[in-house]
Structure formats: structure tokens, C-alpha cells
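Scroll down for the structure; my scribbles are underneath it.
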Amino acid sequence: MRDTTYLERLGLALRTALACLIVSLTTLYGPKPLKHFTTFPAFSYLTTILIWLSDAEPTYGEVLKCCVDVSYATLQTAAIVLVSVLVVGPASLGNGLVAPVAVAIASFIVAFPVSTSLLTKRIAFGQIVVVYVTFVVFNGEMAHVIMLPAHVAASTALGAIASLLAVLLPFPRLAHTQMAKGCKLYAENAVERLNLFVEVIMARDNTTAQVLIAKAASLSSAARNTLKSIQLHHDRMVWERPDTKFLKRKQKHPEDTEFLMRGMEMALGSCTSFPLDMSRDELTRLLEAPRTQIAAESASTHKPEDRLSWQPEAGSLSSAALPVYFFRYCVELFRGDFLSVSNTEEDTPSGNKGLSFPKRVLDILCVWMARERFVFAFKCSISLGLAVLFGIIYNKKNGYWSGLTVAISLVSGRQATLTVANSRLQGTAMGSVYGLLCCAVFQNLQEFRFLPLLPWIAVTVFMRHSRVYGQPGGVTAAIAALLILGRRNYGAPTDFAIARIVEASIGLLCFVFGELLINPARATTLARTELSRCLDAVVDCVGSIVLCCEQKSQQEMSELRSKQAKLKSHVDALERFTAEALTEPNIPFLRPLNAVGYNKLLGSFSKISDLCLYVSEELKNISGAETTVGFPWDSITHDLKAFQEKLRSSVKCFEENASTKSLARIQKELKKRKICHDVEAGTTTNDSNLIMELGPSQNDAERFSVSFVMLLKEATDKISGSTAEEAFKSETDLSLSSLGFCISRLMQETVCIMAEITHTS
């Protein structure tokens, strides 16, 4: 797999180098009429690099979409420039103080619409900087005012066309081909994990089983990266085959398979002793359907007699056996209809679809989106305006580079500002030094000094995927070398390189100022805030499970899926903030984020999110067999309500303690719960211990598991004595057993979260 990744990156590096080579040959040795119009080769290179290095794996569909975005940006810039010339006049735009204001206003207009892509905005920002700084350089001469937009448009078009040719030669790099490779790679990964699951079940001791489970976890991590690539290429296929949505047959997305694989891995990870009571022949038969399903990469149908006919014996039921039953349940889902893990509106009753999003909520959402757009537009306006102003003050001739540095750095959401600025500055310095060295080596062969660009572009592609430099460092390193080796008549290379590094530094300072002005909160602070939201979402999910067990209606199950989707969104946000916080520099007197603790919390939150979906599916299967089962739900809901109340009290005390650092609320709650601390026994009374006293414990989860198994034995006897079909009995037994495992495991993960919080907070 690693060799395949390197080959893929090498192929992308060669295509990126080919695109830059096309631009170089055209601007250096092309026909004079063409060279006359493409007077901004630097922007041609910038366009090419933004298309190829800003995205992870460009394909024909993606590059074609980028060409459309570039065309829209060019039309947008031309219209804005034309209006500004008519309103202000070319002479005024040549003023060094008026031009930055014009850049700020134009940038705000470009950034505000939500319908345009980030590439469109970046290209438009860059064109605006080039046009208005050129007005200043030539003092608003009328001849340049008329032809300037055409020259910028031609240079931009050259970069886009070169990118399109590079993705087509020597053969097209298509999204559906890359998606097929990704699906095949994922299938191989999934089959290897299934084989590991067999070895885990047959392991002779716990130590061997844990080693195999850890190996399966590493494969699971690799599978997640493959799934991201598959989803990325799936979204691009519409640009290659617009009729895809009409021709595609109904098939299962690999994400659904991965969801079931995570369930099987969770089941085996919950087993307490090995080997399990299964023969290898039974395992081979049991896992035949998943292997067939994964190999076919689509949902296959089976005859009724091929379905699993299995019922647990009442005497074999125990808390330790529940994970095995859940493992069988996940295998059974491979054989039947697949869970829908992405669409949360399918199960919503048609009469209630409008109730979840009333007009008032939609109005609030629209206002919030407008606010977000305004904030982003204001950030772009301030950053670009200041960058152009200070860039012109320092060096009017090279004032472009401060603004262009900001133009390619802006994003709509949050980013690790200081880390991005540092990577871009390092990339600019490295690319400039490489360019100067090549100029010195090829001093007597200036016609061929563009040749060292090819290996450097390949290096920057690998830099783009590195943890140290990432996308910002790779892009700026490529651009810095291209501007020195890929152009002519810009003066002494050393003077130009120094001037550009200074201008880039000015631009990065303005970029950091704009980002900190709009987003002053540290990622560490946001991660801690998002942690509280995740805890609230978990409490809501537990409450929704209680209502589902009480009512077992489609509306409540749909509500549970909505709460699960909310939890997943908060977990994704927590993951983003945690990753950003780990890149922040350590600030004196401020506590850094506990990386190990937050990674553990993310794992537990993700498992709870998956378990909520399983509970929803299991309750849906059981709801149709309620008359046959006669399961005593009152006892289950009583235990769940008690657990929910403990969890809610613990979460509330944690949030109040985090915000006020006061023990008054906790002490009051402890007195109400009649919990005392024996000082002579050495019981401490710190915040963490008090919160843990209020919260649920592992004993609660174990008591629930034991109680559920006792009730399950009674229900199993009733089901086995009924006159229903064997397949119906088997599915009902599996759903009930799996429900007990999922709720018990959800409790355990919740307790682990609260315990981990007391150590990390």
C-alpha cells in the first residue's frame, strides 16, 4: 500500500511538472503574439500550482471544474475593474493610497458570495492584486488600464490550459478510475481485517488476541484514509460523467461496509477471554457473506434459506457472551439490507419532515450564514488591503508579492494561523534559495535554467504531503523557485529573491493579523468548549434511547438518528480543533492541550456515535416483534433513566466547575445525593473526585448488563416457544442480544469519557 502511495504521488509530481513545463516553454519560447498577451507568467505559474498542489489528488473532472472556476473568477475581476475605472478613474487608481482601498473593496465583493469556490476566490484575489498594483507601478497610464485586464486574463488562461493538458497527457487521469482503485484497495484491506478477526476468535490467549486486535486497528486507520479518497473521487465524477446519477445502479457505499467492520472490531475488543466458542469451519461459513459482499463491492441478495438460522440457548447467555452475539449481528447485516449511516431523513415520517426545521430555525440559520460570510469577507478585505498598502510602501515595483502571498493563504474557516504562516515563509525561503543556486550553476546556460524546475516540482509535491510543510509549504516552495527560474527580465535574481522574501513576510504578517483579528480564540480553548458540547450531545442521545425504549415509534427512532448526527458533527469539530491545537506553539502561563487524553476521548465519542446507530437499527427490528417478544422494557428504561440522571449531573457539574472553578454547586449536589467523604479515611475532596462521585461508574454498566441478560433469558424462552418462523426468531434474538451489548458498551464508553475528563481537565 505504501509503495502504491509513493507511485501515485510520483505520477502527480510528473503531471505537475509537465503543467509548469508547458507554461515555461510557452512564455519563454512561444510565438510572439502569444508572448505579447501573456505578460504575467508569474500568474500563469500561480494558477497552475493552485490547481495542482492545493488539491490532494487532481483528476480530469476536478481540473475541468477548476478551469470553470478560473473562468468565472476572471470574468468577475474584469467586471469589478471596469466599474472601478469608470467610477474612480485610472489616474486615481494609480495613487498608492487609493489602490489598497480599491483592493479591499473588491476583495470584499469577491469573498462575500457563498456560491463561489475557494479557488475562484483565490484566483480573483490574485488578479485584483496584480491589476491594482500595476496601476500604481505605471501611475494609471490609460494604455495599461485598457489592456491590463486582457493580459491578466490571458496569463490566467495559460495556467489553466496547461493544467488541463497535463491531466490529459499521456493518458487521462479520471476520477472513476481512481475511485475504482480506491475501492479495490479498501476491499483488500477489509478482507485482511476479516482474516485477522478469524485469528482473534481462534486465539489461544488474551495476549495474542490483543496483539491481533491492535493490528486490525492499524488497518482500520488506513481504511479511513482510503475512504476519504474514495469519497473525494466520488464527488468529482459528476464533472466527467454528468449522467452518472441516471445510469448508476443501486450499490452499497464502502462507508456502510466500514461501519459494520468497526462494529465487528468493537465486539471482539469487548471480549474478555479467548478462544471463543467457535470452530474454524463455522467461522468460514459465517464470514462467507461479508467476503462475498466486499469482493462484489455492492449489495448482493441472498435466498431466504441462505440467511443465518441461529438462536442462542438460554443457558449460554451471559454478559461475557453478548459481544459474540453482536459480532454475529454485524455479520447478519452483511447478508441483509445495509444500514444507512449517512441519510438521517429516510426514516422520518412524511407527515413530520417539516417539523424538524421550522421556518424560524431556517431564518436563524440564514442570518448566521450571512454573518459568517460577512466575517470572512471582512477578513479578506482587511488582510489584502493592508498587505498591498505596506507592500507598495516598501517596494512599489515588487508590491505584488505581499498581496499574492495573502491571496493564496485565505480560507473561509479556521486554520492553524501561525503554523501556516511559518510553513509558507519556510517554503518561500527554500524555493528562493534553490532558484538562486540553479541560477549560479546555469549562469552560462540561461536558456536551460528552467530544467532544474522539473525535479524541484516533484520534491514540492512530496513536501505537500509531509507533516512538516504540508500544503502551504509545498505551494510556496514551488512558486518561489518558478518565479526565479521560469521567467526573464526581472532584474538580478539575488535582489529579486530578497525583495520577494521581504514582501512575502509583509504579506504573512498581514495575514496573521487578519486571522487573529477575526478568530482570536485559541484552538485549545475551542477544543475544550467543543468537548462540553459533545458531552451534552451524549446526554441527549442517552435520553433519546430512553424514549425509544419506552415508545419504540418511528418518530423517536428518527429523533435518535438526528441526535446521533448532531453528536457526530460535534465530534468532527472536536477532532479538527484538537488537530489544530497540537500545532499551536506553547504559550507561557497557558495550559496546553493534553493530546493523549483528547485522542482517547475522540475514540470513545466515535464509538458512542456508532453505537447509537446500532441501537436505532436494533430497536427498529424489535419493534415489529413486540407482541411475540413481550420484553419487560420498564426495567430497562428505569436503569437507563438512572444512568442518564447521573450522567447529566456529572456533566453539569463539570461544565460549571470549568467555568467558575467553584465547588459550591458540586457540594450541594453531593448533599442532595447523600454522598459524604470520610476525612479520617483519607478521601480527598478535589474537583475530579467530586465529579466522579456524581457521575456513573463501571458498576452501573455491569449491573445493567447482568440485569439485561436475565431479562433476555426470559424473552428467549418465550421466542423459542412461539410459532413464528425460525428466521424471525433468529433475527429477534440477535437484535435483543445486540441491543444489550450496545447499550452496555455505550455506558462503559461514557464512564471512560468522564474518567478521562477528570485527568485531562
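No value in this document is a laboratory result; all are computed from the given coordinates. This one's a predicted model, so the numbers in the text were calculated from it and none came from an experiment. For neighbour counting, all protein chains shown are included, and Cβ atoms are generated from backbone atoms with ideal geometry for every residue, glycine included.
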Calculate one ³J(HN,Hα) per residue across the stretch 530-542 by plugging θ = phi - 60° into the Karplus curve 6.51 cos²θ - 1.76 cosθ + 1.60, and present them in order as whole Hz with x for glycine and proline.
5, 4, 5, 5, 5, 5, 4, 5, 5, 4, 5, 5, 4
Global geometry of the stretch 432-521, whether rounded, prolate or oblate, following the gyration tensor of its Cα atoms and the 1.5 cut on a/c:
oblate
Work out how much length Ser273 to Arg467 would gain on full extension: take 0.36 nm times their residue separation and subtract the Cα-Cα distance, in nm to one decimal.
65.9 nm
Distance (nanometres) between label positions extended 7 Å along Cα→Cβ at Ala573 and Gln210:
3.7 nm
Loop only by DSSP, 12 or fewer other Cβ within 10 Å of the Cβ. Give me the trypsin sites (Lys or Arg not before Pro) in the stretch 438-483 that pass, ordered by residue number.
Arg467
Among the listed pairs Lys563/Lys646; Lys215/Lys566; Lys32/Lys121; Lys568/Lys641; Lys215/Lys600, give every one whose C-alpha distance is greater than 21 Å.
Lys215/Lys566; Lys32/Lys121; Lys568/Lys641
Estimated vicinal HN-Hα couplings, Hz - the stretch 21-35 in sequence order (Karplus 6.51, -1.76, 1.60; Gly, Pro = x)
5, 4, 5, 4, 5, 5, 7, 8, 10, x, x, 4, x, 5, 5
Distance between modelled label sites at Phe442 and Leu118, nm, 7 Å Cα→Cβ extension:
3.2 nm
Report, in listed order, any pair from Lys65/Lys228; Lys620/Lys652; Lys184/Lys620; Lys228/Lys620 with a Cα-Cα distance greater than 25 Å.
Lys620/Lys652; Lys184/Lys620; Lys228/Lys620
Counting other C-beta atoms within 10 Å, which of Lys396, Lys181, Lys65, Lys121 has the fewest, and how do the rest follow?
Lys396, Lys181, Lys65, Lys121
Counting sequence-distant residues (5 or more places) and residues on other chains, those with an amide H built under 5 Å from that of Arg173 are Tyr60
Fewest first, what order do Asp277, Asp572 take by the number of other Cβ atoms within 10 Å?
Asp277, Asp572
